1. Averaging the inverse of every distinct alpha carbon separation and then flipping it gives the Kirkwood radius. What is it for the stretch 11-119, in angstrom units?
2. Can you sort 83, 94 so the residue with the fewest Cβ neighbours within 10 Å comes first?
3. Exposure proxy check: 92, 61 ranked by fewest other beta carbons within 10 Å?
4. Near residue 90, within a Cβ-to-Cβ distance under 14 Å, what is the net charge of the other residues, with Lys and Arg +1 and Asp and Glu -1?
5. Given Cβ point charges of +1 (Lys, Arg) and -1 (Asp, Glu) and nothing else, what value in debye, to the nearest 20, does the dipole of the stretch 11-119 about its Cα centre take?
6. Determine the gain in length on full extension of the stretch residue 57-residue 172; use 0.36 nm per residue of separation and subtract their C-alpha separation, reporting nm with one decimal.
7. Using Cβ counts within 10 Å as a stand-in for footprinting exposure, how do 108, 137 rank, fewest first?
8. Count the net charge of all other residues whose Cβ sits under 11 Å from the Cβ of residue 67, scoring Lys and Arg as +1 and Asp and Glu as -1.
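What follows draws every value from the coordinates through simple rules; no lab data is involved. Note that the coordinates shown come from a computational prediction; the quantities given were computed from them, not determined experimentally. As a convention, Cβ positions derive from the backbone with ideal geometry for all residues, glycine included, and neighbour counts pool all protein chains shown.
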Amino acid sequence: MAKSGSRLGAGRPAHRLKAENASALDVAYLSRHGHLDAGNWKRLYWQQYGEVQMEGLVKAFDDHITVDIGLSTHWIGLTQTPCHLGGYRRWFICPMCSNRMGMLYMRHGRFACRQCQRISYQSQSGDAEDRLIWQYHTLLHKISNKKLQPLRSRARISNKFLEVAWQYDAMLDEAMSRIVMAAATGC
Ligand SMILES: [Zn+2]
C-alpha cells in the first residue's frame, strides 16, 4: 500500500475511502486502451494525487469483463449501441440495476453505478458543497481530538465521518471525472 499522502493529515478511514473512491471504471477509457478487446488481459492502475492506490487485472471476454482486485473477481457485463457515423459505443451493464452505464464505482467491495452506490448529485450546488466541506473538516477535527469523547460517541462520530468523507471524496472525484469526461471523445 502506498504511503499516505493524504491531505490535511486525514486518518486511516479517509485514506481507505479515498482508495475505494479512486476506483471508478470508465468504459471510454477502457475501450480506448484496449481493455475491452476480447482475449486481452491488461493491468489497470487507479491513481489519486499521483499515487497508485489500487491495481487490478482486467480480462476481456465477448460480452463481459472480469476485474481481479486482490483476491476478489468482479464480473461486469458489456453491451454496445451503434454510433451515427458507424462503429459502436461500449457500455457497462451495472451489476446491480442492469442499466447501461458509462461509469461504475467501487464501494462496499463491489462495482455498481452511481445511483446504486448512492453517490448523490446534489452536492453540485455551491451551498451543498460548502456545507459538505465544513462538515468534513469539523468531523475531522473531532476525530483528531480523541481524548474529548467517550468511546461510544467516538464510534458514532467516526461512522458519521466515514459517510461524510465518502461524500466529500465523491464530490472531488466527480469534479475530476467531469474534466476527464470533457476530454474524452466519443459518440
Ligand atoms: Zn446500477
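1. Details: mean 1/r = 0.0695 Å⁻¹.
One decimal place: 14.4 Å for the Kirkwood radius.
2. Numbers: 83 11, 94 21.
Exposure proxy ranking, most exposed first: 83, 94.
3. Details: 92 25, 61 14.
So the residues, fewest neighbours to most, are 61, 92.
4. Values: positive: 32, 89, 100; negative: 26, 37, 62, 63.
Value of the local net charge: -1.
5. Numbers: 14 positive and 8 negative charges, 71 e Å.
I would put it at about 340 debye.
6. On the way: separation 115, 0.36 × 115 = 41.40 nm, distance 2.55 nm.
Value of the extension gain: 38.9 nm.
7. Working: 108 7, 137 13.
Placing the least packed residue first, the sequence is 108, 137.
8. On the way: positive: 42, 43, 59, 110; negative: 55, 68.
So the surrounding residues net to +2.
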